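Written out below as structure tokens is the structure these notes cover.
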Amino acid sequence: MWVERVELTGYGGIQGESVLFAQDKLNLMVEPNEYGKSTMATAIWSVIFDFNPDEILSPESENLQLSEREARRPKKAGIYSARMDINSQDRRLTVQRDFNAKTFQVFDRDRNNQEVTAQFKGPNGEDEVGLKLTGMSRELFR
């Protein structure tokens, strides 16, 4: 699997940013602290796997416990989504996640952006995008 492009519409402190990744090359993000490198890495796995619904981050205060999904919610109210162009097993796909609605869509770019979301759902409608693209569980990939 090759991640071609990541587009963060609204994710953490990043809004309206795209990053392109070169194929068959080592891609490095070298930027100052607090630029968004860790946010980009988290965005990549969360677009592929979504957030673990049971994951709670350690509290910053005694009364505050955030889920990982809430911790990455954009600071300014608005769209909380991301999309990725992926090349996997000779298929060029786009995976789009709406983290507010907890939904995803998958499009086959080789077939005029035909929606193929059903191919990435399990027998009970569960989200299997990450498993089917990588062959790994969320925990192993991360």
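The values are calculated or read from the model by the stated rules, or taken from the named source; none is laboratory data. Remember, it's a predicted structure, so these values are computed and weren't measured experimentally. Please note: Cβ atoms are built from the backbone with ideal geometry, for glycine as well, and neighbour counts cover all protein chains shown. All accessible areas refer to the heavy atoms of the entire protein, side chains included, with ligands and DNA or RNA removed. Shrake-Rupley method; radii C 1.70, N 1.55, O 1.52, S 1.80 Å.
Would you calculate the separation in nanometres between label points at Ile79 and Glu128, each defined as 7 Å from the Cα along the Cα-to-beta-carbon direction?
3.0
Send over a whole-number figure in Å² for the accessible area per residue of the chain, probe 1.4 Å.
Here the per-residue accessible area is 63 Å².
Rounded to the nearest 500, what is the chain's calculated 222 nm mean residue ellipticity when only DSSP H runs of at least 4 contribute -39500 (n - 2.57) each, over all residues?
For the chain, the value works out to -4500 deg cm²/dmol.
Put a dot 7 Å past each Cα toward the Cβ at Ser67 and Asn113; how far apart are the dots in nm?
Going by the 7 Å Cα→Cβ label model, 2.9 nm.
Give the label of the value calculated from the structure for Cα extents along the principal axes in Å, choosing from (1) 52, 30, 25; (2) 43, 30, 27; (3) 49, 39, 30.
Answer label, from the structure shown: (3).
Which FRET efficiency, nearest 0.05, do Val30 and Asp90 yield, Cβ-Cβ r, R0 25 Å?
Using R0 = 25 Å, I get an efficiency of 0.20.
With a 1.4 Å probe and every protein chain kept in, tell me what percent of the accessible surface of the chain is carbon plus sulfur.
46
Need the full-extension length gain, Leu20 to Phe141, defined as separation in residues times 0.36 nm minus the C-alpha distance. One decimal, nm.
Roughly 41.5 nm would be gained on extension.
Starting from the Cα of Lys76, draw a straight line to each of the lysines and keep only those under 30 Å, dropping any in the same chain fewer than 8 residues away.
Cross-link targets: Lys37, Lys102.
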